[in-house]
Each structure stands twice: as C-alpha cells, then as structure tokens.
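Heads up: the structure comes next, in structure tokens.
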Amino acid sequence: MSKNFYITTPIYYVNDVPHIGHAYTTLACDVLARFKRLDGFNVKFLTGTDEHGQKVDKAAAAAGMSPQAFTDKVSQNFRELCSVMNFSNDDFIRTTEPRHYKAVENLWNELVKRDEIYLDKYAGWYAVRDEAFYGEDELQDVDGKKIAPSGAECEWVEEESYFFRLSKWQDRLLKYYDENPDCIMPSSRRNEVISFVKSGLRDLSVSRTTFNWGVPVPGADKHIMYVWLDALTNYITALGYPNMDGEMKDLWPTAIHMVGKDILRFHAVYWPAFLMAADLPPPARVFAHGWWTIEGQKMSKSLGNVIAPQYLVDTYGLDQTRYFMLREVPFGNDGDFSHAQMIARVNSELSNNLGNLLQRTLSFIQKNAGATVPHPAQLQANDQLLMTQIDMAIRTVRDHLDKQEFHKAIETIVGLSNSANSYIDSEAPWTLKKNNEIDRMNTVLFILCEAIRALGLLLLPFIPDSAHKMLDAIAVPENQRNFAAYGRAGECKPGTPLPPPAPIFPRFEEKAA
Ligand code: MSP
C-alpha cells in the first residue's frame with residue numbers, strides 16, 4: 001500500500017481578502033494532511049494563489065496598482081491566513097513564480113505537440129467573475145443582461161483564440177469516471193458531472209488576446225493562456241513537473257483536490273482532459289464541498305456580512321473556530337454560519353463534554369491519587385468495554401476521513417468522550433475513595449487517562465493546540481504523539497507525575513451588549 005498523500009486546495013484569486021469560505025476549504029485539507037502525517041504517511045499539502053486573468057487585472061486597475069505589485073500585496077493576505085488558522089501547508093504556490101511558468105509552458109507545448117490545440121476564433125459569452133466561457137443555452141436574460149448559472153454577468157467576447165479539443169475527450173472522460181467510482185465525491189456531484197459530460201462537450205477556448213496579464217503562449221506572444229489552464233497546472237508545478245521523477249512519481253497518483261462546488265467543472269472535466277491529452281494520469285479524487293451562508297444569507301461584500309477568519313479566531317478562539325467549521329455541517333452540504341450555533345456547539349461539546357471529562361479526572365487525580373498516572377489493577381468488564389471503544393475509534397475516524405466525512409469523524413470522537421463521561425459517572429471514583437477501594441479507584445483513573453490520551457491524539461488534526469494541551473495534561477511524551485502510539489503501544493506510564501490541571505476549553509459567555 002502506498003504511504004504517500006497529496007492534498008491540494010484551490011489556489012485563491014487575489015482580487016479579494018480571505019474570508020471563511022477560503023478558510024473552510026484549506027482547513028479541511030489541513031485536517032487530512034495532519035491526520036495522514038500522524039498515520040505515518042509522506043504528506044504534501046499545497047495551497048496558494050491564482051494571480052493571473054482578467055478578474056485580477058481589473059482588481060489591480062481598480063486599486064491603481066500594477067498587477068504584479070497588486071498580487072504581491074494581496075497574495076500575502078492568503079499566506080497570513082495560513083498562520084491565523086494554524087494551517088500546516090508544506091508549500092505555498094503563486095502562479096506568477098518562474099517554476100510555474102516553466103510547468104505551464106511545458107504542458108502547453110505538450111498539448112500542441114499532440115495536436116490537442118488549434119487556432120480559431122472565439123465568439124461567445126464570458127463571465128469575468130467566474131473566468132468562464134458559457135454557451136448561450138446556459139444563460140438567463142435578466143434586465144437585458146446575460147446571467148450565468150452562478151449569478152455572474154457575462155460579456156460578449158470575439159477574438160482570435162487557441163482551442164483545446166475538449167469534445168474529443170468526452171468518451172475517455174466518461175470511461176475515467178466509470179472506472180474510478182471515487183474520483184468525484186460526493187456521489188451527487190459525480191452524477192452532475194457525468195450528465196454534464198454526457199450532454200456533449202464543446203472545444204474550449206484556452207487563450208485570450210484582449211489583455212495581457214497571464215502566461216504568454218509560447219511562440220504566439222499576443223496570446224496569453226486562459227487563466228484556468230494556467231491555474232490548474234499549479235497542482236503539478238508544485239510536484240516539480242515537467243520532471244516526472246521524484247514527487248510527480250510518488251505523490252501525483254495520490255492527489256486529492258479539495259474544491260468548492262462552484263469550481264467542480266474545471267477540476268472534474270477540464271483538468272482531467274488536459275492531463276489525459278498530455279498523457280498524464282488524472283487526479284485520484286476531486287471532492288466538492290458546499291457553501292457557507294451567513295445567518296441565512298449569501299455572503300457578499302454588498303450585504304456587508306463577509307466574515308474574516310481573524311474575527312472568528314479573536315472572538316471564539318482558534319481551535320473553537322476550527323472545530324465548529326468541520327463539526328457543524330455534513331461535509332459536502334451547504335451550511336449556515338450563525339453566532340448562536342457557534343456558541344452552542346463550543347459550549348456543549350468542547351466545554352461541557354470534553355472540558356468536564358478533563359477537569360473531573362485530572363483534578364481528582366491531583367487531589368486524591370498523588371498527582372501521578374495511577375497504577376491499574378485487574379480490569380473489569382466496564383473497563384474492557386471503554387478500552388474496546390477506544391481501540392475502535394481510530395479505525396472509525398480513519399475510515400470517515402478517507403471519505404472526507406469530517407463531521408462523522410468528529411461525532412465518533414464526541415461519542416468516545418460521552419462514553420468516558422458515563423464511565424466516570426457509573427464507576428464513581430469519589431465513592432471508591434470514600435469506601436477505601438483504592439486499587440479499584442486507581443484502575444478507573446488509569447482507564448480515564450487512557451481515554452483522555454486517545455481523545456487528545458484523535459483531536460490533534462482538528463484542534464492541534466488544545467489537543468497538545470490535553471496530552472501535556474497527562475504527560476504524553478512528544479515522540480508518542482502519533483497514531484503508532486495509539487492504544488497499547490503508547491499506554492500511559494503509571495507513576496508519571498502529572499502537572500496541576502489548567503482549563504483547556506473555557507465556556508463562551510456572551511458579553512452583555
Ligand atoms: N482561483 C480559482 C480556483 C483555481 S484552482 C486551480 C477560484 N478562486 S476563489 O478565490 O474564488 O476561491 C474559490 C474557493 O473558495 C471555492 O472553490 C471554495 O473552495 C471557497 N469558497 C469561496 N466562497 C465560499 C463560501 N461562501 N463557502 C464555502 N467555500 C467558498 O475559484
């Protein structure tokens with residue numbers, strides 16, 4: 001079995017400041033990357049910025065800056081988002097970098113060499129907001145304007161253009177979807193893509209001549225490459241393409257592209273077609289997640305309801321924000337962000353459930369069991385039951401994450417915390433203490449330490465800082481904070497001194513207005 005794992009976010013347009021939609025996609029990738037690293041995989045986690053195209057060109061002009069100066073500035077905001085959200089990306093790519101020009105030019109030449117690209121004239125509709133071409137049949141007339149399904153306004157474009165022979169790849173694409181049932185997820189999205197491809201594909205315009213902010217077409221300088229051909233290539237640029245050894249060989253076959261549902265067509269139709277046409281394998285999986293609305297409304301600048309990740313982190317805490325985003329909505333569905341829901345989740349699951357378990361166990365050990373990991377005696381049926389649930393939890397979480405079911409993975413972890421809370425209630429160490437059943441009391445406390453260790457390890461990918469604090473609280477050594485040490489292999493060592501407990505998951509109290 002391959003122990004490589006390559007995960008990518010979309011590269012973000014630099015016309016905007018980062019908001020929670022951007023943070024969401026990258027967060028999902030971060031959790032997968034962290035989980036796989038803890039599971040012993042060689043991981044590469046890539047994010048970055050998409051800096052060419054008409055949309056960015058216009059945004060730069062509106063800011064009164066040159067496109068290069070503008071992209072240098074705005075790209076930095078996305079880099080900062082990574083530290084604000086504690087993302088563990090291994091690379092940050094910008095499409096204005098020389099390594100990327102080299103890769104895109106190479107891919108272009110490869111397509112030309114194979115006669116996949118030809119020169120013609122484009123006359124049709126284009127939406128700058130989506131950087132997408134649309135057929136007349138896809139558009140709606142609204143107040144004399146042509147509106148794309150995404151809501152973006154289209155303009156008529158007529159210019160000489162290079163075309164990619166997309167129509168030729170229709171059958172090969174359908175075969176690829178058929179032979180790789182998991183290559184587009186969730187399955188409802190896969191079905192959408194298949195019916196789009198079955199409805200017939202037109203050749204795709206892949207160059208523009210009416211502005212010049214892009215990668216010049218080799219040998220035809222008045223053309224610049226279509227921004228999506230340019231942007232999609234970032235995924236292989238970062239692996240060293242056109243060098244096919246090294247990371248291209250090891251990591252490319254495992255590639256998972258995480259995207260919002262808005263850009264699925266580019267990733268699940270155009271991108272695999274470009275790759276196959278250049279004789280490269282298509283990605284292993286494209287996962288399309290849903291969109292966030294804010295208190296029931298679409299997030300938009302004009303409504304003034306755009307939420308910056310920094311604001312959430314400042315208000316609720318970093319790990320609270322990370323937890324909520326992946327916990328609240330089944331991944332793949334649309335979700336609504338509400339402050340009330342955020343507070344309810346954080347209080348009920350992090351503070352009450354997990355926080356209580358920690359507080360009750362660790363304070364009790366501190367006061368009544370010598371402030372060290374207790375020595376267990378013979379285990380009883382109830383102890384075995386909780387230990388079995390601990391052993392199973394990692395497998396369940398792993399299975400869920402392999403299907404990008406973050407909410408179910410978290411449910412499993414919360415379920416384990418619930419069981420540990422029920423266990424402490426039913427075994428009542430305080431009563432054992434009162435009755436002087438010290439061996440039994442120590443056994444119960446040891447099992448609880450093991451539950452806390454399992455929970456801490458499982459939460460490391462989701463809420464890294466807090467999970468490390470949980471592991472600090474039961475003195476788990478640094479080199480045992482991985483999944484090889486989960487279960488018996490890394491069991492808590494009786495007699496290890498434990499630090500005085502400090503609260504890790506404070507309750508969020510709403511300040512009076
Ligand atoms: N530059 C292209 C992607 C090129 S990838 C080769 C692009 N960029 S974008 O800045 O518009 O970012 C799009 C991504 O941000 C979406 O696909 C989605 O992942 C995320 N989101 C933007 N708004 C969102 C919400 N309101 N909710 C959830 N995610 C959203 O498209």
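The values are calculated or read from the model by the stated rules, or taken from the named source; none is laboratory data. Since this is a predicted model, take the numbers as computed values, not measurements. Quick reminder, even Gly has a Cβ in these numbers, built from the backbone with ideal geometry, and neighbours come from all protein chains shown. Remember, those area values only see protein heavy atoms, side chains included, never the ligands or the DNA or RNA. Shrake-Rupley method; radii C 1.70, N 1.55, O 1.52, S 1.80 Å.
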Exercise. How much solvent-accessible surface does Trp156 expose, in Å² to the nearest 10, with a 1.4 Å probe and all protein chains in place?
Worked result: 130
For this session: At 0.36 nm per residue, minus the direct Cα-Cα distance, what do Ser300 and Glu153 gain on full extension? Give it in nm, one decimal, please.
Result: 51.4 nm
Seminar exercise, completed: Note on the chain, DSSP bridge orientation, antiparallel percent to nearest 5 equals 50
Exercise. Whole-Hz Karplus ³J(HN,Hα) for the stretch 388-402, in order, using 6.51 cos²θ - 1.76 cosθ + 1.60 and θ = phi - 60°, x for Gly and Pro?
Worked result: 5, 5, 4, 4, 6, 4, 5, 5, 5, 4, 4, 4, 5, 5, 5
Seminar exercise, completed: In the chain, taking the dipole from +1 charges on Lys and Arg beta carbons and -1 charges on Asp and Glu beta carbons about the Cα centre, the listed residue (Val56, Val227, Leu460) farthest towards the positive end is Leu460
Seminar exercise, completed: Ranking Val414, Val14 from most to least accessible area with a 1.4 Å probe gives Val414, Val14
Seminar exercise, completed: Against the 2.2 N^0.38 Å rule of thumb, the C-alpha Rg of the chain sits at a ratio of 1.11
Problem set entry | Distant alpha-carbon pairs in the stretch 160-279 (separation over 17 angstrom), percent | 61
Exercise. Which percent of the accessible area of the stretch 454-513 is formed by carbon and sulfur heavy atoms (probe 1.4 angstrom)?
Worked result: 56
Seminar exercise, completed: Here the stretch 442-457 yields Karplus 3J(HN,Hα) values (6.51, -1.76, 1.60; θ = phi - 60°; whole Hz; Gly and Pro given as x) of 5, 5, 4, 5, 5, 4, 5, 4, 5, 5, 5, 5, 4, 5, x, 5
For this session: Translational diffusion coefficient, Stokes-Einstein: compute it for the stretch 228-364 using the Kirkwood radius over C-alpha pairs as Rh, at 25 °C and 0.890 mPa s, and state it as an integer in µm² s⁻¹.
Result: 135
Problem set entry | Approximate shape of the stretch 444-513 as ellipsoid semi-axes (Cα gyration tensor, √5λ), whole Å, largest first | 25, 14, 10
Exercise. Tell me, what is the per residue accessible area of the chain in Å², probe radius 1.4 Å?
Worked result: 41
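State the extension gain, in nm to one decimal, for the chain segment bounded by Ala381 and Asp137, taking 0.36 nm per residue of separation less the distance between their alpha-carbons.
Working it through step by step, the gained length comes to 81.2 nm.
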For this session: Quote the FRET efficiency, to the nearest 0.05, computed for Asp120 versus Asn191 with a Förster distance R0 of 30 Å and r equal to the Cβ-Cβ distance.
Result: 0.40
Problem set entry | Helical mean residue ellipticity (222 nm; -39500 (n - 2.57) per DSSP H run of 4+; nearest 500) of the chain | -13500 deg cm²/dmol
For this session: Kindly state, to the nearest 0.05, the FRET efficiency for Arg99 paired with Ala308, given R0 = 41 Å and r defined as their beta-carbon distance.
Result: 0.85
Problem set entry | Length gained when the stretch Val17-Asn42 is fully extended (0.36 nm per residue, less Cα-Cα span) | 5.8 nm
Seminar exercise, completed: To the nearest 20 debye, the stretch 353-437 has a Cα-centred charge dipole, built from +1 on Lys and Arg Cβ and -1 on Asp and Glu Cβ, of 260
Problem set entry | Fraction of accessible area attributable to carbon and sulfur, the stretch 225-356 (%, probe 1.4 Å) | 51
Exercise. How high is the FRET efficiency between Trp430 and Arg507 when r is their beta carbon distance and R₀ equals 22 Å, given to the nearest 0.05?
Worked result: 0.45
Seminar exercise, completed: Here the relative contact order (percent) of the stretch 400-513, from C-alpha pairs under 8 Å and at least 6 apart, is 20
Exercise. Looking only at the stretch 347-364, which residues have a backbone nitrogen under 18 Å from a spot 7 Å from the Cα of Thr315 in the C-beta direction?
Worked result: 347-348
Seminar exercise, completed: Taking Cα atoms, the helix 406-427 axis meets the longest principal axis of the chain at an angle in degrees (rounded to 10) of 10
Problem set entry | Subset of Lys73/Lys121; Lys121/Lys249; Lys121/Lys198; Lys249/Lys469; Lys58/Lys403; Lys73/Lys113 violating a 32 Å alpha-carbon distance limit | Lys73/Lys121; Lys121/Lys249; Lys249/Lys469; Lys58/Lys403; Lys73/Lys113
Problem set entry | Of all accessible heavy-atom area on the stretch 121-218, the percent that carbon and sulfur account for (1.4 Å) | 46
Problem set entry | Label-point separation, Asn356 to Ala340 (7 Å along Cα→Cβ), nm | 2.3
For this session: Pop out the ³J(HN,Hα) list for the stretch 190-199 in order, Karplus 6.51 cos²θ - 1.76 cosθ + 1.60 with θ = phi - 60°, rounded to Hz; leave Gly and Pro as x.
Result: 4, 4, 4, 5, 4, 6, 4, 5, 5, 6
Problem set entry | Pairwise label distance in nanometres, Asp279 with Ser199, each label 7 Å out on the Cα-Cβ vector | 3.5
